Amino acid sequence: MRTIGLEEHFVTPELVGHGASSASILQPEKWREASRRLLDITGERLAEMDAVGLDMQVLSLNSPGIQAEKDSATAIAQATAVNDLLAGVVADHPDRFAGFAALPLQDPQAAAKELERAVSELGMHGALVNAHTQGRYLDDPQLRVVWERAEGLGVPLYLHPANGVGTPHVIEGHPELVGPMWSWGSETATHFLRLVFGGVFDDFPEAKVLLGHMGEGLPYVLWRLDSRWDYHNHHGIELARGNPSEYVRHNLYITTSGVCSAPPLLCALLALGSDHILFGTDYPFEEMAAATAFLETAPISEADRAKIAHLNAERLLGL
Ligand code: MN
């Protein structure tokens with residue numbers, strides 16, 4: 001069965017410094033090993049893909065990527081360079097790799113322009129965004145130009161976690177809760193809800209977002225979102241689709257990255273339907289072999305397995 005992974009990270013020697021803030025989250029030896037594998041884009045990675053039956057990786061720059069850069073001009077130069085490099089990797093291995101662009105969101109106009117260049121000229125299939133950019137989230141009115149371009153090009157934005165701005169009070173004194181085990185997921189789900197209530201999908205009804213990690217918990221809470229929205233003070237917000245769950249079902253696509261467990265997959269299938277679930281491994285932070293073995297053995301129909309493994313990716317990304 002053809003298998004395509006959508007959350008597959010790399011880094012370059014020039015940009016490796018942006019990941020310094022993530023280093024303290026991992027055990028030191030795990031960080032060293034992940035860093036080594038991030039830098040090896042086509043060597044060990046291709047051999048492992050062959051070994052586990054992963055046909056294609058859609059590559060993305062590792063979190064937080066150039067969004068950690070404070071200077072806009074530097075971010076623009078870095079995005080251009082890394083997208084050119086990624087296009088070169090894809091050109092050398094067109095059957096094995098595809099790409100999500102990195103965007104210099106520090107400058108919204110430049111980010112929209114780079115998205116268009118990456119898709120139209122470099123053949124990329126969307127962009128991967130790592131949480132906030134210097135404290136700015138994707139519902140910011142200044143970033144509507146990026147959504148307008150993404151919707152126009154028909155490509156998704158993959159919303160990936162990164163360290164938040166500061167530490168939420170409830171997490172203070174508990175650094176073990178910061179990172180992919182807990183805070184990244186809840187903050188990324190919250191970021192998606194900012195897009196819903198911030199009107200992004202009412203302005204751009206066909207905008208598409210990908211979330212990793214089985215949807216960062218959102219498939220589990222759809223009924224409660226709607227039931228409590230019906231009960232809450234709306235603070236002047238009107239949702240064109242009526243209920244928040246409608247946006248999760250329409251605008252959101254999720255990947256299985258970093259979750260090799262049947263209960264959340266079955267929940268996601270029931271909540272979102274099999275057309276909105278795609279495969280990903282979260283390499284190199286998770287093992288490709290565990291992810292592909294889970295996909296092969298998960299208690300789902302063969303029709304759904306094929307959609308998750310490759311059919312949905314081929315349709316959504318035009319692969
Ligand atoms: Mn990841």
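The values are calculated or read from the model by the stated rules, or taken from the named source; none is laboratory data. These numbers come from a predicted model, not from an experiment. Cβ coordinates were reconstructed from backbone atoms using ideal geometry, including for glycine residues, and neighbour counts include every protein chain displayed. Accessible surface is based on the protein model in full, side chains and every heavy atom, while ligands, DNA and RNA are left aside. Shrake-Rupley method; radii C 1.70, N 1.55, O 1.52, S 1.80 Å.
Here are a few things to note about the model shown:
- Per atom type, the chain shows carbon and sulfur on 55% of its accessible surface, probed at 1.4 Å.
- Difference of contour (0.36 nm per residue) and Cα-Cα distance, A240 to A81: 53.3 nm
- Treating each Cα of region 223-277 as an identical point scatterer and summing with the Debye formula, the log10 of I(q)/I(0) at q = 0.12, 0.13, 0.22 Å⁻¹ comes to -0.36, -0.42, -0.87.
- FRET E, pair A293, E121, Förster distance 45 Å, beta-carbon r, rounded to 0.05: 0.75
- Residue-wise HN-Hα coupling along region 41-50, computed from phi with Karplus coefficients 6.51, -1.76, 1.60 (Hz; x: Gly, Pro): 7, 10, x, 4, 4, 5, 5, 5, 4, 4
- Kirkwood Rh and Cα Rg combined as Rg over Rh, evaluated for region 27-142: 1.00
- Dmax and Rg, reported as Rg then Dmax, of the chain (C-alpha, Å): 18.4, 55
- Under 5 Å from the amide H of T255 lie the amide H atoms of L211, G212, H213, M214, G215, L278, each residue being 5 or more positions distant or on a separate chain, with H modelled from the backbone and absent for Pro and chain starts.
- Taking every alpha-carbon pair under 8 Å whose residues sit at least 6 apart, region 247-319 reaches a relative contact order of 34 percent.
- Kirkwood-based shape ratio for region 166-319, expressed as Rg/Rh from alpha carbons: 0.99
- Residues whose amide H lies under 5 Å from that of A98, counting only those 5 or more places away or on a different chain, are Q57, V58, L59; hydrogens are built 1.01 Å from N in the peptide plane.
- Label sites at D95 and W31, each approximated as a point 7 angstrom past Cα along Cα to Cβ, lie 4.0 nm apart.
- Against the compact-protein benchmark of 2.2 N^0.38 Å, the Cα-based radius of gyration of region 209-248 scales to 1.27.
- Average accessible surface area per residue within the chain, 1.4 Å rolling probe, Å²: 43 Å²
- Inter-centroid distance (Cα atoms) of region 256-299 relative to region 126-148, Å: 26 Å
- Taking 7 Å steps out from each Cα toward its Cβ at R249 and D275 produces label points 1.2 nm apart.
- Charged side chains reduced to their Cβ positions (Lys and Arg at +1, Asp and Glu at -1) give the chain a dipole of some 300 debye around its Cα centre.
- For the chain, calculated [θ]222 nm from helices alone, where every DSSP H run of n ≥ 4 adds -39500 (n - 2.57): -12500 deg cm²/dmol
- Computed from backbone phi, the HN-Hα couplings of region 146-159 come to 6, 5, 4, 5, 4, 5, x, 7, x, 10, x, 9, 8, 8 Hz, rounded to whole numbers (Karplus: 6.51 cos²θ - 1.76 cosθ + 1.60, θ = phi - 60°; Gly and Pro given as x).
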